[in-house]
Amino acid sequence: MISKNIVILGGGIGGIIAANKLRNELPSSVDIIIIERNKMHTLAASYLWLMVNLRKAEKIRTPLSRLIHKGVKIIYEEVKQIDTSGKRIQTEHNEINYDYLIIALGSELEKKHLNNNQYGIHNFYTYEGAQRLRDELAKIQSGEIIIAIDSLPYKCPGAPYEAAMLISGYLTKRERKNKININLYTPEPHPLPVAGPELGKSVSDLLENKGIKFYPAHQLKEIKPEEKTITFNSDLTKQYDLLIVIPKHISPAVIRNSELEDEGGWIPVDRNSLETKLENVYAIGDINSVSIPGRWQPDKPMKLPKAGVFAHSQALTVSEIINSKIFGKEIKNSFCGDGFCMLEAGEDLAGFAYGDFFASPHPDVKMRKLGKAWHLGKVLFEKWWLAPYGFSKSFYKILIQLGAKSLKIPIKL
Ligand SMILES: Cc1cc2nc3c(=O)[nH]c(=O)nc-3n(C[C@H](O)[C@H](O)[C@H](O)COP(=O)(O)OP(=O)(O)OC[C@H]3O[C@@H](n4cnc5c(N)ncnc54)[C@H](O)[C@@H]3O)c2cc1C
């Protein structure tokens, strides 16, 4: 009888997918354990809809245990320490040994710009933040909305652009668009440089068509909350009525200063196997750092974007690799760098971007024409993700697979 312990740190997108896949395919003598500090799971992709009042807050949140196979053990605790030499995880009350470790701890947000709501500074990167922003958007009647990306990397490179277009659609519907300017400032040279120039051009065109003012190559320098001004590295200062900041992303404290992190705080992995420098220790999703071809500035090599779609596909790959190792089979699976995104454009429309992020000399991602079908696809995806593990999840999975087949898009769930 095979007896092994697989420990998964983090019960977000990557952790949930890995746990369910491993549990489905491995005998019960293999223990699968998730360590997660939150009992409730929220779908971050839906914060964008929450922000423009297209979702009720309680509809995008569910107990984590409902999303996970009953045969997976969940320990609701904070991971305090990863002891790689002793192959042990330390939480507040437990010590858990592992044979295989999957680190899926995601990223954290720097608090600096998160607690200044009284000065009109908001975000949609947290569950609470998206709700407060929704209330502000309901109130604003005229003036300047500024969306500013603090720094790179940030998760979901399409999200600020989607937010600008969703807000534009929201204001148009309420006949306030002609009294409010939407401005988007980013340090990036064009939208989504991590997805290559072609997609960047498609998104720039979309912004222009909607009258959204776009300012690339603007690095945020300082915000003066009392004066309601934002200054960029070029010393350009702008006044805002509502400021939406994409906060700086940092790696979780348990990884910072651990032997696994690189200089930026993220965990470097082999781009095909997702294995860290330590054997049988894998890092998937936002926590890892995967180099891809291209540079977005001469001194800034490109990294695979932090996105749920990659946390998902990397979880599938790592689960298959661990499965092969446990059964002593040849390892045939590797992460190929393909990714997709349904880019919300407001007014119930979305674009579908798909491509190869490992393509050389730069990622090769193209967007199909805007359409309602892509928006409905994203809605279906949300329903599948939040459905309880079991019959309803399988039902939505079949619907997505049928839709993907008819639209000729290669999606693996
Ligand atoms: C507004 C917004 C829109 C987005 N839209 C999309 C989209 O359309 N498509 C897409 O692909 N991606 C999207 N994303 C990005 C996506 O949500 C993330 O990339 C994805 O969640 C990463 O998955 P992960 O498993 O790496 O980390 P997470 O899903 O963040 O999970 C990490 C888990 O680890 C837990 N954790 C962290 N530290 C500890 C600790 N010390 N102890 C115990 N538990 C811990 C956390 O509580 C969390 O549950 C969006 C994100 C945002 C904010």
Handout entry: Stokes-Einstein D in µm²/s, Kirkwood radius over Cα pairs - the chain at 10 °C with 1.306 mPa s viscosity
Key = 72 µm²/s
Practice task
Output the relative contact order of the chain, whole-number percent, from Cα pairs under 8 angstrom with separation of 6+ residues.
Solution key: 17 percent
Problem - Where trypsin sites (Lys or Arg not before Pro) fall in DSSP loop in region 1-77, at most 12 other Cβ within 10 Å - result: K39, K56, K70
Completion exercise
Diffing region 158-168: the Karplus 3J(HN,Hα) column from phi (6.51, -1.76, 1.60, θ = phi - 60°), in whole Hz with x for Gly and Pro, holds x, 4, x, 6, 4, 4, 4, 6, 5, 5, 4
Exercise for the section: Kindly sort K405, K112 by accessible area of their heavy atoms, largest first, with the probe set to 1.4 Å. Expected result: K405, K112
Handout entry: Rounded Å value of the spacing that divides the Cα centres of region 312-346 and region 76-122
Key = 23 Å
Practice task
Please calculate how many Å² of accessible area the chain carries per residue, with a 1.4 Å probe and no DNA, RNA or ligand atoms counted.
Solution key: 45 Å²
Handout entry: Student exercise, region 1-106 dipole from Lys, Arg, Asp, Glu Cβ charges, in Debye to nearest 20
Key = 480 debye
Completion exercise
In nanometres, the difference between 0.36 nm per residue of separation and the alpha-carbon distance of K366 and Q219 is 50.3 nm
Practice task
Return the FRET efficiency for the residue pair Q81, E110: r is the Cβ-Cβ distance, R0 is 22 Å, and the value is rounded to the nearest 0.05.
Solution key: 0.45
Exercise for the section: Roll a 1.4 angstrom probe over the protein heavy atoms and tell me the percent of accessible area of region 338-413 that is carbon or sulfur. Expected result: 65 percent
Exercise for the section: Extending each Cα 7 Å along its Cβ direction at Q297 and N38, get the distance between those two points in nm, one decimal. Expected result: 3.1 nm
Completion exercise
So, relative contact order of region 338-413 in percent, Cα under 8 Å, 6 or more apart, is 21 percent
Fill in the blank from the handout: Only helices counted: for the chain, with every DSSP H run of 4 or more residues adding -39500 (n - 2.57) and the sum spread over all residues, [θ] at 222 nm is -8500 deg cm²/dmol
Problem - Relative contact order of region 125-248, defined on C-alpha pairs under 8 angstrom at six or more residues apart (%) - result: 34 percent
Exercise for the section: Take the Cβ-Cβ distance between K173 and N233 as r, set R0 to 35 Å, and report the resulting FRET efficiency rounded to the nearest 0.05. Expected result: 0.45
Exercise for the section: Note down the nm distance, to one decimal, between modelled labels 7 Å out along Cα→Cβ at K405 and at N5. Expected result: 4.3 nm
Problem - All lysines inside 20 Å of K228 as judged from Cα atoms, apart from same-chain residues fewer than 8 positions distant - result: K111, K112, K139, K179, K213, K238, K248
Exercise for the section: Restrict the search to region 136-190; then list the GluC sites (Glu not before Pro) that DSSP places in a loop and that have at most 12 other Cβ atoms within 10 Å of their Cβ. Expected result: E175
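The values are calculated or read from the model by the stated rules, or taken from the named source; none is laboratory data. Please read these numbers as outputs of a predicted model, since none were measured by experiment. Cβ sites come from the backbone with ideal geometry, for glycine too, and all protein chains shown count toward neighbours. Surface accessibility is based on the protein's heavy atoms, side chains included, excluding ligands, DNA and RNA. Shrake-Rupley method; radii C 1.70, N 1.55, O 1.52, S 1.80 Å.
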